[in-house]
Structures are given as C-alpha cells and as structure tokens.
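What follows is a short report on a single structure.
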Ligand SMILES: Cc1cc2nc3c(=O)[nH]c(=O)nc-3n(C[C@H](O)[C@H](O)[C@H](O)COP(=O)(O)OP(=O)(O)OC[C@H]3O[C@@H](n4cnc5c(N)ncnc54)[C@H](O)[C@@H]3O)c2cc1C
Ligand SMILES: Cc1cc2nc3c(=O)[nH]c(=O)nc-3n(C[C@H](O)[C@H](O)[C@H](O)COP(=O)(O)OP(=O)(O)OC[C@H]3O[C@@H](n4cnc5c(N)ncnc54)[C@H](O)[C@@H]3O)c2cc1C
Ligand code: SF4
Ligand code: SF4
Ligand code: FES
C-alpha cells in the first residue's frame, strides 16, 4: 500500500442525492484546524477557488473532512472526483475559530448544509461544558444531513422539516423562539441559508441573546486580498474571510448579503448548464 | 548575433585612437552614436489590441536592439546605474549586445536582477535608469526595452534548448522566504546562489505576487512570466504554494523545523475602499478582486476557465496608478464594455502610473475624468450599482507629499452613469503574516519596520522588504530589497555561525 499524498481523497461517501462527505489528506491543516475555520479548494487547474468548512479534522491521520452540497459547476466537478484522486489545491485553515466558551445553554441552529459546518462547533461547545441544544432544519426529510452525527454531540436535538416529512413540521425559528421564551437560551450560533440566519437573528434580538451567524459570502482568495467577501456589520464593512466568518448576528446586514450573493447568478447558471451538457448522466439525477 | 550586424563597424582602431575618440565593440564613435535616434517600440495598433489580451508591445527585433544598443555611450561613470534600484550593470549588458553575445548579456542582467524580462517591461524607466541616463534629455537609451529584448530572446532560446542549470547543492542553513512576489523571488534566488537551503511559502496557488494576480497578460505575457519565475525552481528553490504563513504554518513551527532566518516579502495586497455610501453595491469591486478574477483566475476566458467576472457596459475606475490603468484597460478589452472611464481627483501630472501606461490607456480610448472625486454610489433596489455621484475638484496648496491638494468646488456635483465600479485607490500590507510573529514592529501605516541597512525587523533573524515595508511601490524596488536582504541574511547567519 502506498502512502496517501497531500490533497488525495482517501474517503468518499454520498450522504444524500446531492450531498457528499470526503476526507482529504492535508496534514498541516488537520494539525491546526479549529471549529469554524474553512479551507479554499480548487478542483482542477482552471478551477474556481471555493470555500468549504472544515467539518472535521484528524491531526493524527493528517486528514480533514469536507461535507458539501452540489450546487454549481465547481461542487459538481468535485463530486466527480473519486477516492484516490486529488484536489488541485487546498489552502487553510482560514478565518477565525468560533469562540468556544462556557455559555450555559448553547443553541445551534443549522439549516441545510449549515449542519455540517456546525458539527465541530457543537462538539467543541459540549466539550467546554455547555448544554448543547441543536435545532436542525431542512425542506424535506431527504435533504437532512448528519442528523445522527449531530445527535451524538448534542444534549438535545430538535429536527424540523418544512413539509413535516420528518420531526416537527415548520421552520427552525419556532422551536428557537420557544427556547428563548423559556429562558433556555444563553448563546445561539447559526449557520445555513442567509434568509434563515436573518430570521434566527430576529428571534433572539429582543431577548438580547448573544447570537453568532456564520456567514457565507462569495470569496476568492480567502486571505483579505480581494474584498469580495465584504459584509456590513453594524454599519461597518468587514471582510468575512479574515474578520469572520462568524459575526454578531444582530449587527449583520443580511439583506445586503443576500443581494451580494446573487452577483454572479447568470454566470453560475451558464457554467452549470455547460457542465451538465458534458455530463448528461448527472443532468438526469437533478442539478 | 550574426556578422552582418557588425557590418558598418570594424574600421581601423588606429585612426580613432589618434582622435582620442572612444570606439565601441561595433567600431562607432561617440559622434556616430549621438546621431542614432531612439527606437520606437513596435506595438499592436490600439483598435486591434483592445480586442485581445495579447502583449501590447511586440518587443524589439534583433536589428532594432542592436541599433538601439549602439546609442549607449558606455560612460566611464554610468549615471544610469544610479537610477536602478537593483544596480543592474547597464552598460555592460548593452555592450554584450553589440558584441553579439546575448547569453553573456543575459548573465549580466541576471546577476543583478532575477526578473529582467519583467522589469524590462514594467519598470517606470522614465523615473529610474532612463531618467539618470546621460542622454536623458536627448532621448535616453531605451534601457528597459533592451533589457526586455535580451531576457525574452534568451528565455525563448532556452525554451527550445533548455540550458543545463546546475541545481545548487545547499551547504548552508535553511532560510524561509514568505511570499513569492518580486521581493521574495529575488531574495530566494540570491540566497540559493549563496548556498542556502531556501523554501518559499506562498499563500496563493501560483507564485508571482502582483505580477501574476495584478498585472494583466497584455502587459506581462504569462508564458514569459512563468519561464522567468520557473528559473528559480531550476536553481533549487523549493516553492510551496497554498501556504498561508501565520495560518497554515507559523514562525514558531518553522523555527522548530530548523529554519534559521526569515524574509517577509508579503507585499501590500490589502485593498482600500473609499468609505463612501453604497460601496458594497453589486458591481463594485476592489481593483484587486477584479484583476485577480481576470488575470490569476483567467475570467477573461470564462466559461473555459471556471471563475466568472461581471462587467457591464459602462465601467468606471477610480484612481490613477498602475492598478487603475490596468483595471481600466482590462475593462476596455472585456466583451460588452462600451465605455471605460478613469476618475481621478487630481490631474494627469499627478497621476502615479507609468507614463507608458497612461499613454497606452489614452490610445485605447479610456475616458479620463480628472479633478473628479466620487462621493456616493447610486444603487437600485436589488443593490446593483446604477451610477456614481461625483464632485469637481481644483488643485490647492501642496500637501505632505508635495503634490497640490485637490479641494472640492462647491455646488459642482454631477452624476456618471455606470454599472461597474473598480476601486483602485491604493493598497496596504496584509497583516496575516506580520501579526503572527510576536514582537514584530509595525508602523502606523501597517508596514513592517526594518533597519534601512540590514532590512532586519525588530525580531532577530526576521528580515523584510518590498511593498510590505514601503507600501505599494515598484517591482524593481522590491527586487532591490530582496537583494539587500539576501546579503543581510548571509551576514547575519555568518555572524551566528561565528558566535556559536
Ligand atoms: C466560509 C464558507 C464556508 C462554506 N462551507 C461550505 C460547506 O462546508 N459546504 C458547502 O457545501 N458549501 C459551503 N460553502 C458554500 C460554497 O462555497 C459554495 O456552495 C460553492 O462555492 C459553490 O460553488 P459552485 O461552483 O459549485 O456553485 P456556483 O455556481 O458558483 O454557485 C452556486 C451558489 O453558491 C454560491 N456561491 C458561489 N460561489 C461562492 C463562493 N466563492 N463562496 C460562497 N458561496 C458561493 C452562489 O451564491 C450560488 O448561490 C461555504 C461558503 C463559505 C463562504
Ligand atoms: C495592478 C498593479 C499593477 C502594477 N504595475 C506596476 C508596474 O507597471 N511597474 C512596477 O514597477 N510596479 C507595478 N506595480 C507594483 C508592483 O507590482 C509591486 O510593487 C511589487 O509587486 C511588490 O513586490 P512584493 O514582492 O513586495 O509584493 P507582491 O508582489 O505583492 O507579492 C507578495 C506575495 O506574498 C504573498 N503573501 C502575502 N501574505 C502572505 C502570507 N501570510 N503567507 C504567504 N504568502 C503571503 C502574496 O500572495 C503575494 O504573492 C503594480 C501593482 C499592481 C497591484
Ligand atoms: S531593472 Fe528597471 S530600473 Fe533597472 S535597469 Fe532595468 S528597467 Fe532600468
Ligand atoms: S548613462 Fe546612458 S549612455 Fe551612459 S552608459 Fe548608461 S545607458 Fe549608456
Ligand atoms: S475572500 Fe478575498 S478578501 Fe475575503
């Protein structure tokens, strides 16, 4: 057996139709990665630089885990890489680690793929002595990912689906508001679709529960060089890649973020359409 | 070079000695030389070049280079060298062109400057070597163009018949160079020549720094850049990309790993915004983001390359440095763009860009709006930029920099309609690397403080140079710093060795 080399994919599993989990050899990153940090990868030599959260890191084996959803050309192309193949580039760990303290009741609100991003954070919060309550939401049952993993690192878990196909019917902010009203929320951290994070911020604003949102603006370099990732926080411009990605949710201008995320919409569509034309077998499965 | 170029030359040296006139290797006298006019640079026509990303300049032919070289007086005290921050032995490399030995000419260039093809193309020669050249008033020797010619001629030749580059076997300590821009590349090249075991740690996926992400391919063709950068790896420098110093790897770890000295050439890559309302509108980019998308990520070739860039019909660039010229000229070349403006609060005289870039921009139909200051970015309800509110300026008293300060003219506000805005008003050093070294002294401008002589920072064994130390500057200044720091690292490590 040969030694795995840097950037090699050593594990690959499809978690749901468009969600995958891979493990990639990156010893230097695995050694340092802290919950909340991310990497930027490129799939091939003319590929885009895309940010993905380090969902787990194993310093001993020198591998990091990435969990991602196929949403566009780069992530679809990533989905094509098999075990034994290589990512072209992996750089990290980038961004600040999430501040892990003993808050008391720590609530995690994760939507869609945000769940993967919250996994290491839930684990760390629990290890720090918090009572971790995780709320996971998705549109349908088959879009839920990592529920079991989240369960294993939470004291309580609440699952919601928009259509009621699993857990409670409705959106994540309903159970969140209940917890806030019951006075069982000392700290909230959220990650998922921007619109969801916006409502999470609203749900905790009045009660003044400290709330962090892990933002996902468009990024290029991830080191503070381009400003693509700029977000308005309390009226000030900050770069999410170096100042974040976590920010005080009550200060985030979510409207601006949502609009900025649409900047390259037409291009992304075109890129994906071309890619799917070249990969007709994937076009059928969704996309 | 062939015999025919020496044609009009080899006269009798005896007669010229009688007249006490100096005769060069081509047999011409000073008087003959003064009669030759400076050779213009062959270029793509403006209307043609705005349709492509190919090199604007074609470069001298062998004949042109030879005749231009004949203009050099081979001065006993060559003033031109004083104007070059890397102290390239200018007359020496030019004389080799006359002797027909381009290989030797290239060797002379490379001895002082690891990046002659780059510098020949992008140095602001008119403020440097060509300003101090004895012939400056009459039309200086086209030193930059000759440098470019020799370097590109040899790189082409070496591409066809690769030279046997001896990998230098390191015999001395391990040195870490942070950042693969011109400063880091130069320091690494010099240190490896001295026998050190050199590793460059670069944050991006490609080396080159600004040369790769900032300067567009029509000014610096990537084939030439890659060849020039590649030569340092052939010499034995280990270039490791995707390594963010301070994140992926730290000072402490590298010390533990046996690195005995450090050179920080991390540049000034942090974009500055104007701080006016609406700057986070869609369609507003820092010049860095825009240029990185187009140049490094090759968005000019989207969708063949994956990274997109949005550019509308009316593109405004604010600022008037090289970055601004590059942004405006890239825009001129992007499909769908109808107008590319430069908005600058002072006048052409104060514009910091190289002369040639401003001229090229003018030829390409960039619309210059001088004495104009943006004050607000206008947006629609989807956060897209629709225009820019500006105010007219006039020049008042000189400020600290000695340039006349622009002051707003009351009630002169007006609007420019635009759908893309590129902010190119300056860059500051990126703090990631410097903040990761405890005790490193940083100035109030965010630059690394060094000893002017030794380039050593407040932390022993850590040196720095280039834009990280002086703020946004020039390639050749970064090269000069890299050289100076390499010598200082060598002296420092020699002392350490002696001491232990
Ligand atoms: C800090 C951070 C961490 C992230 N972690 C994860 C993760 O763990 N798993 C995961 O599946 N996704 C994660 N994302 C989002 C992921 O980066 C995007 O899904 C990916 O870039 C899409 O690329 P694409 O070419 O496949 O799709 P595209 O066609 O480029 O875009 C599809 C959608 O993704 C968004 N997007 C495009 N480019 C970027 C970009 N550079 N950064 C952010 N969003 C973008 C677009 O707004 C669009 O809605 C993270 C984003 C950030 C900023
Ligand atoms: C668009 C543009 C056009 C220009 N045109 C000209 C011109 O025509 N003529 C001219 O003389 N000058 C020009 N300049 C200026 C010139 O390019 C710079 O002065 C020069 O590149 C500085 O060199 P440097 O090595 O100090 O830094 P840079 O070229 O900035 O290189 C720094 C390198 O360090 C890397 N780095 C940063 N932080 C880290 C970290 N933490 N870990 C690892 N690596 C890191 C960066 O990724 C980068 O590759 C231009 C600049 C720009 C932006
Ligand atoms: S490196 Fe630049 S300044 Fe020096 S000789 Fe060459 S063109 Fe002139
Ligand atoms: S000063 Fe001008 S003429 Fe004299 S050696 Fe230098 S380049 Fe030649
Ligand atoms: S991604 Fe470029 S500055 Fe944040």
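No value in this document is a laboratory result; all are computed from the given coordinates. Just so we're clear, the structure is a prediction, and the values are computed from it rather than from any experiment. Heads up, the Cβs are rebuilt from the backbone with ideal geometry, glycines too, and the neighbour counts pull from every protein chain shown.
Kindly put B:416, B:108 in sequence by how many other C-beta atoms sit within 10 Å of each C-beta, fewest to most.
Starting with the residue having the fewest Cβ neighbours, the order is B:416, B:108.
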key: Principal-axis tilt of helix A:265-278 within chain A, Cα atoms, nearest 10 degrees   = 40
task = Report, in whole Å, the centroid distance computed from the Cα atoms of the stretch A:235-287 and the stretch A:130-152.
result = 23
task = Would you mind checking the tilt of helix A:114-127 against the longest principal axis of the Cα atoms of chain A, expressed as 0 to 90 degrees and rounded to 10?
result = 60
task = When a/c is below 1.5 the answer is rounded, else prolate if a/b is larger than b/c, else oblate, so apply that to chain A with a ≥ b ≥ c taken from the square roots of the Cα gyration tensor eigenvalues.
result = rounded
task = Return A:146, B:243 ranked ascending by Cβ neighbour count within 10 Å, so the fewest neighbours appear first.
result = B:243, A:146
Beta bridges per DSSP with both ends in chain B, % antiparallel, nearest 5 = 40
query = Does a label point 7 Å from the Cα of residue A:178, set along Cα-to-beta-carbon, have any residues of the stretch A:131-159 with amide nitrogen under 15 Å, and which are they?
reply = A:133-137, A:156-159
request  = Just tell me how shielded A:252-263 is by partners: mean number of partner chain Cβ atoms within 10 Å of each residue's Cβ, no decimals.
outcome  = 3
note = Going from the fewest other Cβ atoms within 10 Å to the most, one would list A:204, B:51 as B:51, A:204
query = Measuring from label point to label point, each 7 Å out along Cα→Cβ, what is the residue A:169 to residue B:389 span in nm?
reply = 5.1
task = Between residue A:61 and residue A:156, with labels modelled 7 Å along Cα→Cβ, what's the label distance in nm to one decimal, could you check?
result = 3.4
task = Using DSSP, restrict attention to beta bridges with both residues in the stretch B:265-402 and report what percent are antiparallel, rounded to the nearest 5.
result = 45
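To the nearest whole number, what is the average tally of beta carbon atoms from other chains within 10 Å of the beta carbons of peptide B:285-292?
Mean number of neighbouring Cβ atoms from other chains: 5.
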query = Just for the protein assembly as shown, what percent of DSSP beta bridges are antiparallel, to the closest 5?
reply = 50
key: Expected 222 nm ellipticity per residue - DSSP helices of 4 or more, -39500 (n - 2.57), all of the protein assembly as shown, to 500   = -9000 deg cm²/dmol
Cα centroid separation, the stretch A:171-227 to the stretch B:429-492 (Å) = 41
message = Using only Cα atoms and rounding to the nearest 10 degrees, what angle (0 to 90) does helix A:194-205 make with the longest principal axis of chain A?
response = 20
ask   = Rounded if a/c is under 1.5, else prolate if a/b is larger than b/c, else oblate: which is chain B, with a ≥ b ≥ c the root eigenvalues of its Cα gyration tensor?
value = oblate
request  = From other protein chains only, count the Cβ atoms within 10 Å of every residue's Cβ in B:200-206, then give the mean.
outcome  = 4
query = Is the stretch B:273-425 rounded, prolate or oblate when judged by the Cα gyration tensor, a ≥ b ≥ c being the square roots of its eigenvalues, rounded requiring a/c under 1.5 and prolate requiring a/b larger than b/c?
reply = oblate
